[in-house]
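The values are calculated or read from the model by the stated rules, or taken from the named source; none is laboratory data. In this text, all values refer to a predicted model and were calculated from it rather than measured experimentally. Every residue, glycine as well, gets a Cβ built from its backbone with ideal geometry; the counts of neighbours run over all protein chains shown. With ligands, DNA and RNA removed, areas are computed over all heavy atoms of the protein, side chains included. Shrake-Rupley method; radii C 1.70, N 1.55, O 1.52, S 1.80 Å.
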Amino acid sequence: MPAQQLNLALSLADDTHFDNFLAAAQTSRQQVLSTLKLQCKEQLSPSAGANILLWGATGSGLTHLLQAACHDAVACGQSIQYLPLEAMASYPAQDVLQGLAACQLICLDNIQAVAGIAEWEEALFHLFNQVMTAGGRLLISANAAPRALCFQLADLESRLAASTVFQLPQYSEAEKAAIVQFRAARLGLIMSEEALGFLMNRAPRDLHSLIDHLHRLDGFALQYQSKATIPLMKKAFGW
Amino acid sequence: MAEVIWQHCLGHLQAELPAQQFNTWIKPLQIDSLSADQTVRLIAPNRFVKDWVVDKFLDRINELASEAGSESMPVEVGVNTKAPGFVAPASAIPQPLMAESGIQLNPAALHPVAPGAQQLISHKASIVAAPKAKEITARPTAIPNNRANKVIGHPDSLNNYFRFDTFIEGKSNQLALAAARQIAENPGGSYNPLFIYGGVGLGKTHLMHAVGNALKARKPDAKIVYLHSERFVADMVKALQLNAINDFKRFYRSVDALLIDDIQFFAGKERSQEEFFHTFNALLEGDHQMILTCDRYPKEINGLEERLKSRFGWGLTVAVEPPELETRVAILIEKALGLHVDLPHDAAFFIAQRISSNVRELEGALKRVIASAHFTGRAIDVPMVRDSLKDLLALQDRLVSIDNIQRTVAEHYKIKMSDMLSKRRTRSVARPRQVAMAMAKKLTNHSLPEIGEAFGGRDHTTVLHACRKVKELQDSSTEMREDLKLLTRLLTS
């Protein structure tokens, strides 16, 4: 088979760190955050339950946490690999996963993207076994709990279920607004409560779209040398 | 000469490229010292890296090479086909360290593994303990037997935790356990091979390791090899590539006990089956013990040669079934003890009642409970377990669509679906429509204009008004509160 050429324009975002992941006190989100931080520092062994699976709807912070764990692991001097599986699913699994088990942390983002692809399922199953032997750890994200992921290979499904599984709840409207405001502040974008409300009411309300609108708005604000006002938003987005 | 040219290229590329790109794509390339012709041949750790480098960097590398005076020496990038696994560059680690401590450089920590490695922040050049030196790192004819064993072999492949004393006996696994104990006492006897089959996460691997550990305890110098069937296949492929199949055969036929997990993955791999068949015969002839596990009865494995299926049945074939409730409780308590956690019996009972499929799911649930206990500082009891497992027990976070909301609300209020989208403003139709709009805002990620559009092309202000109205009614009317509670449960459970 001829070699396939990957042409991915993906990279770890610079701003995906634990310290800019907003999680209210005493929530499951904070519990996940605290567990991930602890795991990196303590280098838990696989027998203590090193593999973690996070699941939740799009925009609940899964990718942010996986990438933050990568940043953190690198800071701890560990070797890592982050794989967004939705972008890798069309490539030969064995080639993509070859040698991965030697990394100390392997992050598999959106594992549901390869559910039902026999070649990928078997390769992931072998990866699980190899990682367990090598003493590494897996951090996985999915859009559903392990049993609802529709994997055909029971061996893989049961290994996913043996991970420490956390559900990340969807962000509430107030949390989304707080995140948008937080991100706006980091961009140096001045945004009134009214302007924030306007954006929240009109943009698609998933977090990715909101942040995307915010970045576009930031571009317009720079272009027009303006604050992030309602008139600017109307002009920018045609609302 | 090639080395000098490459060093020149490296110096420039390091200055020109971002550190991440340099470390990910360029640094892992190695100059092929064996390249005898007039080329600068670089070796990439795998095909993906090669393709990436050729596509993105080769032109620049050739430019730089020309600058360094290699106009007549084109640069080529190839893949290390001699060792498809990872072979440490000999220069990267002092030989005495490797020889004395069994520590070897782990090149996977040096090399990007796939183009996904573009996301790799850093590949740390680290020295990692490698308890299992599995790779065949040299032509076997050139290495003495004991070294061949070392590179192919699996000296520490047994998991020390998987022992008989940590295995919980129940009706579901009684026979398999008795057989395993018998083999540990008398290996190579009448129960050879022992074929353990059953569903996932039921303890097959545990039993297999338990026999191995017991044999090792009785005879510490015994050569007990545990491996997954995929490892056997991979080793064989490597041996074939290295023309080292005789060493491969010699190694596997010389073990005292061979434990192979999940042999269903031999299905369809004819060459591996052929080799395994001969290994199997040789071991059996020498009265060396074999234990095999599989997810199904031998005769039911599709893609496996009949002669192998038949041989698997020569010894003893035993099944393991899903553990019954009492066994599940005992397993949980044992696992908690192993993690130094006090799990009350009623809490273990609560988990075991709700999770009955396999032991791995029990383990997952236990880990989740322990993580919650650490985080909250609460003692583990039934309410705490119920609380921490509530999301785990929910099978699926159903993503709710506007269409589903409209249908459910219309059905609840006994109006037609078409009324949801119509212009009619009578209260009997308008109120359910408002409820549906408010629920769409609450349960989906759609924007107000999108929700308005889905309700017959209404303005987003209509949706906003509906949300406010429903909120008011919710505050003032018990009936509305009950309706919303019921509808939410219908849509999200």
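Some observations on this one:
- Of everything in region A:172-194 that is among the acidic types (Asp, Glu) and more than 15 Å from residue A:61 (Cβ to Cβ), the residue that is least open to solvent (accessible area, probe 1.4 Å) is A:173.
- Restricting attention to region A:49-76, the residues being more than 15 Å from the chain's Cα centre (by Cα), within 7 Å of chain B (Cβ to nearest Cβ) and at pLDDT 85 or above number 1.
- Residue match in region B:286-309 (condition: in a helix (DSSP H, G or I), farther than 25 Å from residue B:165 by Cβ, open to solvent by 50 Å² or more (accessible area, probe 1.4 Å) and modelled with pLDDT of 90 or more): yes
- Hey, residue A:168 free of Cβ contacts under 8 Å to residues at least 60 places away in the same chain and either surrounded by fewer than 17 Cβ atoms within 10 Å (Cβ to Cβ) or over 30 Å from residue B:262 (Cα atoms) (or both) or not: no
- Sole residue being modelled with pLDDT under 85, open to solvent by 20 Å² or more (accessible area, probe 1.4 Å), more than 9 Å from every other protein chain (Cβ to nearest Cβ) and assigned to a loop (DSSP other than H, G, I, E, B), chosen from A:10, A:44: A:44
- Residue A:152 out of contact with any strand residue (DSSP E or B) (no Cβ under 9 Å at 6 or more places or on another chain), open to solvent by 10 Å² or more (accessible area, probe 1.4 Å) and modelled with pLDDT under 85: yes
- Exactly one residue out of B:408, B:444 is out of contact with any Ser or Thr (no Cβ under 9 Å at 6 or more places or on another chain), among the β-branched types (Val, Ile, Thr) and either at pLDDT below 90 or surrounded by fewer than 19 Cβ atoms within 10 Å (Cβ to Cβ) (or both): that is B:408.
- Cβ pairs under 6 Å, 6+ apart, first in region B:247-276 and more than 14 Å from chain A (Cβ to nearest Cβ), second acidic (Asp, Glu): B:273/B:305
- In region B:248-260, the condition of being open to solvent by 20 Å² or more (accessible area, probe 1.4 Å), within 21 Å of the chain's Cα centre (by Cα) and under 25 Å from residue A:154 (Cα atoms) is met by no residue.
- Residues of region A:96-112 that are at the interface with chain B (Cβ under 9 Å from one of its Cβ atoms) and either part of a helix (DSSP H, G or I) or open to solvent by 10 Å² or more (accessible area, probe 1.4 Å) (or both): A:96, A:97, A:98, A:99, A:100, A:101, A:102, A:104.
- Qualifying residue in region A:126-134 (condition: more than 9 Å from every other protein chain (Cβ to nearest Cβ), of a type in the set (A, V, I, L, M) and under 23 Å from residue B:363 (Cα atoms)): yes
- Residue list for region B:262-275, filter: more than 25 Å from the chain's Cα centre (by Cα) and open to solvent by less than 10 Å² (accessible area, probe 1.4 Å): B:275
- Hits in region A:61-95 (condition: β-branched (Val, Ile, Thr), farther than 20 Å from residue A:207 by Cβ and in a helix (DSSP H, G or I)): A:74
- Taking the criterion of being in contact with a helix residue (DSSP H, G or I) (Cβ under 8 Å, 6 or more places away or on another chain) and at pLDDT below 80, the residues of region A:13-25 that qualify are A:13, A:15.
- Meets criteria (under 27 Å from residue A:121 (Cβ atoms), open to solvent by less than 10 Å² (accessible area, probe 1.4 Å) and touching a helix residue (DSSP H, G or I) at 6+ places or on another chain (Cβ under 7 Å)) for residue B:183: no
- Residue selected from region B:332-374 under the condition surrounded by fewer than 22 Cβ atoms within 10 Å (Cβ to Cβ) and among the aliphatic types (A, V, I, L, M), by the criterion farthest from residue B:163 (Cα to Cα): B:373
- Checked against (1) more than 13 Å from every other protein chain (Cβ to nearest Cβ); (2) within 30 Å of residue B:209 (Cβ to Cβ); (3) of a type in the set (Val, Ile, Thr), residue A:190 passes all but a single condition, namely (2).
- Selection status of residue A:58, polar (S, T, N, Q) and outside any helix (DSSP H, G or I): yes
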